[in-house]
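Take a look at the structure below.
The values are calculated or read from the model by the stated rules, or taken from the named source; none is laboratory data. The shown structure was predicted, so the numbers you read here are calculated from the model rather than taken from an experiment. Using ideal geometry, Cβ is built from the backbone for each residue, glycine included, and neighbour counts are taken over all protein chains shown. Areas reflect the complete protein model, heavy atoms only, side chains present, ligands, DNA and RNA absent. Shrake-Rupley method; radii C 1.70, N 1.55, O 1.52, S 1.80 Å.
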Amino acid sequence: MIGYGNSVFLRRNFEAGLPPVNTVAPAITGTAQEGQILTSSTGTWTGTPTITFAYQWKRNGSNILSATNSTYTLVTADVSQSIKCTVTATNGIGNASADSNSVTPIAAVDPDAQAFITAAAITDPTQQAAINTLVVDLKGYNVWTKMKALYPFVGGTATTHKFNLKNPLDTNAAFRLVFSGGWTHSANGATPNGTNAYADTFIIPNTNLSLDSTHLSYYSRTNITGPQVDMGVTETSAACYLLYNYNNLAFKAINRLEAAGGSTYTPTNGFLIGSRNSSTTEKYYHKGTLINTLTIISYAKSTYKMFLGAYSNANTASGYSSKQTAFASIGDGLSDTEAANFYTAVQAFQTTLSRQI
Amino acid sequence: MKLTQLTIEQKLTYVGLLTELQKDELLGQWYAPDSYFNPIQDLNNNWIISVEEMEQCVNPDYLWVKDLDLIPYEPKPTPPPFEA
């Protein structure tokens with residue numbers, strides 16, 4: 001008995017020490033975004049060595065199943081939720097827990113949006129978020145695949161405005177814009193001077209567009225009733241592709257030989273879409289609303305490049321515009337529903353950037 | 001009149017006057033990143049560039065455009081595209 005008592009006494013003396021006590025809370029590092037990896041530090045602890053650590057990641061205070069390592073990969077369920085890590089320190093004396101700071105992850109950036117953001121070097125978080133939402137919305141509305149070129153005009157310089165969101169490479173083949181003449185670039189868009197400014201899209205209808213399925217769109221922030229062309233191409237013996245206004249009339253043509261008159265609408269700013277979905281019908285939408293249905297047959301596609309801020313008359317610019325543009329697109333024809341959804345997505349994009357009309 | 005003498009209002013109505021030789025020299029050349037000169041002819045067939053191109057020019061080879069003489073812009077009539 002004596003020996004047993006001594007043994008207990010000695011063991012207690014040997015084990016006497018301090019349990020873990022947290023002095024600096026664990027901290028989360030990493031990008032709080034869906035798909036990214038977060039890492040939790042142990043924090044700083046006092047107590048008798050050796051201290052071991054266990055981790056439990058939590059979403060809104062509840063344990064996340066199997067999330068018990070120092071790192072954690074954020075999933076969709078974590079978006080906009082409160083994420084933290086509880087670190088439990090244990091030594092021979094006891095254990096204690098401490099919570100890390102909390103983070104609120106954002107949704108992952110769409111790969112197509114990220115490609116544009118990287119290419120155009122867009123650093124402003126609001127502009128990045130607007131681009132991402134635009135891409136996600138267009139995909140959600142199933143119109144993304146109908147786009148040949150999308151020009152969102154973000155970033156405020158010619159170097160950021162030139163990129164095609166659908167194919168953000170700095171090459172003619174990717175249909176990035178090349179600006180000529182007097183342009184003014186700002187956060188609100190690109191403004192041609194109405195004297196000699198135009199932008200070459202490098203899109204040639206005969207090569208790049210479908211005969212009976214084509215759309216053009218142009219988001220103008222300026223209301224001008226003079227003879228100015230938003231975008232297009234003409235050719236003597238081939239079809240016209242045009243969005244323009246002349247003497248208070250809004251003339252449009254999507255792949256037809258000639259204009260059969262204009263349709264009056266005021267104002268001329270806002271989002272205009274011209275779309276051909278068949279060999280016999282063209283439709284025009286202003287701010288998402290159908291304003292014209294014309295029965296006009298399609299014609300041989302133009303073999304010249306399409307311009308913005310003017311029209312291409314066999315690759316020579318004419319009809320110079322001074323309308324500030326904040327968006328333009330070229331692609332396949334859109335249905336009524338698709339045109340309305342397209343407007344909704346683009347208008348939301350402009351609203352995020354505080355430049356909506 | 002020179003660029004530095006223009007009022008804000010005059011910037012909207014004046015253009016830089018080019019010689020034929022200067023026009024040829026500017027064709028296909030950039031005046032600012034991703035922006036290219038576009039000489040055009042006015043109503044009197046003068047070759048001109050815009051005040052924007054003159055003001056924004058940072059290409060060291062063409063800074064002389066900032067010293068071009070300015071003239072009031074007289075545009076050629078713009079026909080509707082279908083009559084072009």
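Brief remarks follow.
- Projecting label points 7 angstrom from Cα along Cα→Cβ for B:LEU17 and A:LEU65 puts them 8.2 nm apart.
- Per residue solvent-accessible surface (Å²) - chain B, probe of 1.4 Å: 55
- Förster radius 25 Å - calculated FRET efficiency between B:THR4 and A:SER186 (Cβ-Cβ, nearest 0.05): 0.60
- Over the stretch A:25-180, relative contact order from alpha-carbon pairs under 8 Å, at least 6 apart, %: 18
- Peptide A:319-328 has a mean of 1 when you count, residue by residue, the C-beta atoms of other protein chains within 10 Å of its C-beta.
- Relative contact order [Cα under 8 Å, 6+ residues apart], the stretch A:111-352, whole percent: 24
- Accessible surface for B:ILE8 stands near 130 Å², nearest 10, in the context of the full protein assembly shown (1.4 Å probe).
- Computed on protein heavy atoms with a 1.4 Å probe, the accessible areas place B:ASP42, A:ASP112 in the order A:ASP112, B:ASP42, largest first.
- In percent, rounded to a whole number, the relative contact order of chain B is 39, using alpha-carbon pairs under 8 Å and six or more apart.
- Solvent-accessible ranking of A:TYR284, A:TYR55, largest area first, probe 1.4 Å: A:TYR55, A:TYR284
- Accessible-area order (highest first, 1.4 angstrom probe) of the listed residues A:VAL24, A:VAL109, A:VAL229: A:VAL24, A:VAL109, A:VAL229
- Note on A:175-183: average number of Cβ atoms from other chains within 10 Å of each residue's Cβ is 6.
- Sequence-distant lysines (8 or more away, or on other chains) whose Cα lies within less than 18 Å of A:LYS84: A:LYS58
- For A:ASN142 and A:THR295, the difference between the fully extended length at 0.36 nm per residue and the C-alpha to C-alpha distance is 52.5 nm.
- Interface between chains B and A: roughly 1800 Å² of accessible area buried, both sides summed (probe 1.4 Å, protein heavy atoms only).
- Annotation: per residue accessible area for the stretch A:1-153 equals 54 Å², rounded to a whole number [probe 1.4 Å, protein chains only].
- Ligands, DNA and RNA aside, A:PHE53 has an accessible area near 80 Å² when probed at 1.4 Å.
- Exceeding the 29 Å Cα-Cα cut-off - candidates A:LYS146/B:LYS11; A:LYS148/B:LYS11; A:LYS301/B:LYS11; A:LYS305/B:LYS66; A:LYS166/A:LYS323: A:LYS146/B:LYS11; A:LYS148/B:LYS11; A:LYS301/B:LYS11; A:LYS305/B:LYS66
- Counting only protein heavy atoms and using a 1.4 Å probe, the accessible area of B:TRP30 comes to about 100 Å².
- Extension gain for A:THR123 to A:THR50 (0.36 nm times residue separation, less C-alpha to C-alpha distance): 21.7 nm.
- As a fraction of the 1.4 Å probe accessible area of chain A, surface on carbon and sulfur atoms comes out at 52 percent.
- Peptide B:30-43 shows a mean partner chain C-beta count of 6 within 10 Å per residue C-beta.
- Cα gyration tensor shape of the stretch A:2-99, rounded if a/c is under 1.5, else prolate or oblate by comparing a/b with b/c: prolate
- Rounded if a/c under 1.5, otherwise prolate or oblate - the stretch A:111-352, Cα gyration tensor axes: rounded
- At R0 = 45 Å, FRET efficiency that the Cβ-Cβ distance of A:THR352 and B:ASP67 yields, to 0.05: 0.55
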